[in-house]
Amino acid sequence: MKTSIWIDFLHLFYPRLCMLCEEPLVEGEEHICLNCLCDLPRIRHQETEIWNSLFVGKSDIRQACAFFLFEKGGHVQQLIHAFKYYGHKELAFYLGRLAFLQLQQENHPLCHFDVLLPVPLHPKRLRERGYNQSEWIARGIQSVLPIPIDTSSLIRKVKTETQTHRNVYERWTNMQEVFELVEPGHLVNRKVLLIDDVLTTGATFNACATVLGDVPGIHLGAFALAKV
C-alpha cells in the first residue's frame, strides 16, 4: 500500500507518458495510451499467407504469424527501435504479451506450442546491447502461455551486420551457417516456436530452421512481432 502511494506521488511530478504521443498515461495503460494502441496497424490475414510465400520449399516451418505491420517511419518502427536500440526491454515484454493475449482469444495455432525459442544474438552483440530483445518478447508470450523458453539449444556463432539495406538474395546468403545447434536433446519431439522482432524475407527464421531440422520429431513455427 505504501509503495502504491509513493508511486502515485512520484507520478504527480514525473507523469508516465505514452511513448508515441507523449500524452500522460492513465490507470491501466502501460507504455502506450489506448488511442495510440488502437491505431497500431495489425496484420489481419491467415498465417498461411506468410508461410506459403516465405517458408514453403525453403525450410520446415509449418506455421508462421506476424502481429503488427512494420512501416518505415511509422509507430511500429518507433516502438521496435525503442526496445531494440534504446534499452526499453520491458516494452518488448509488453508487446509480446499483448500479441498473444489477442492470439489466445482467437485460438491461433501458434498458441499450441511446447517451447519458445528466441532467435539468439551473437555473444558480442548481446554484451553490447545487454539483452536479447527476442527473448524479452518471448518472456511476454510466456506470461500468457506457461511454456518454457529455450535460450541454450541454439547459438549464433557468426556476428552478422544489419540486413536493412540488403536485397532478398543478400539476406539469404548473409545468414548461411550463422547458427549452430548445441543441445538438440531438449527439442526432440517438441513443437518449437521461433521468436523474433521483425520478419522481412524470412532469411533468419529459415536459417534457424535449417539447423533445427535435423532434430528428431521437431515441429517448427515462427512468430515475429512485426512484418515489413
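The values are calculated or read from the model by the stated rules, or taken from the named source; none is laboratory data. It should be emphasised that the depicted structure is a prediction, and the values quoted were computed from it without experimental measurement. Quick reminder, even Gly has a Cβ in these numbers, built from the backbone with ideal geometry, and neighbours come from all protein chains shown. Only protein heavy atoms, including side chains, enter the accessible area calculation; ligands, DNA and RNA are left aside. Shrake-Rupley method; radii C 1.70, N 1.55, O 1.52, S 1.80 Å.
Residue-wise test of (1) hydroxyl-bearing (Ser, Thr, Tyr); (2) modelled with pLDDT of 95 or more; (3) more than 17 Å from MET19 (Cβ to Cβ).
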residue: GLU49; (1), (2), (3): no, no, yes
residue: TYR94; (1), (2), (3): yes, yes, no
residue: PHE100; (1), (2), (3): no, yes, yes
residue: VAL115; (1), (2), (3): no, yes, yes
residue: GLU135; (1), (2), (3): no, yes, yes
residue: GLN142; (1), (2), (3): no, yes, yes
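Summed over the range 184-201, residues that are open to solvent by less than 20 Å² (accessible area, probe 1.4 Å) and more than 13 Å from the chain's Cα centre (by Cα) total 2. Scanning the range 202-214 for residues that are crowded, with 20+ Cβ neighbours inside 10 Å and part of a loop (DSSP other than H, G, I, E, B) returns a single hit, GLY202. Number of residues in the range 77-112 that are outside any loop (DSSP other than H, G, I, E, B) and within 23 Å of TRP51 (Cα to Cα): the value is 16. Of the numbered criteria (1) without any contact (Cβ under 8 Å) to a residue 40 or more places away in the chain; (2) polar (S, T, N, Q); (3) surrounded by 14 or more Cβ atoms within 10 Å (Cβ to Cβ), the one GLN104 fails is (1).
Condition (residue is in a loop (DSSP other than H, G, I, E, B), of a type outside the set (Phe, Trp, Tyr) and open to solvent by 70 Å² or more (accessible area, probe 1.4 Å)) applied to the range 113-122: is it met by at least one residue? No - not one qualifying residue is present in the range 113-122. Inclusion of ARG16 among residues that are more than 30 Å from LEU212 (Cβ to Cβ), open to solvent by 70 Å² or more (accessible area, probe 1.4 Å) and without any contact (Cβ under 8 Å) to a residue 40 or more places away in the chain is warranted.
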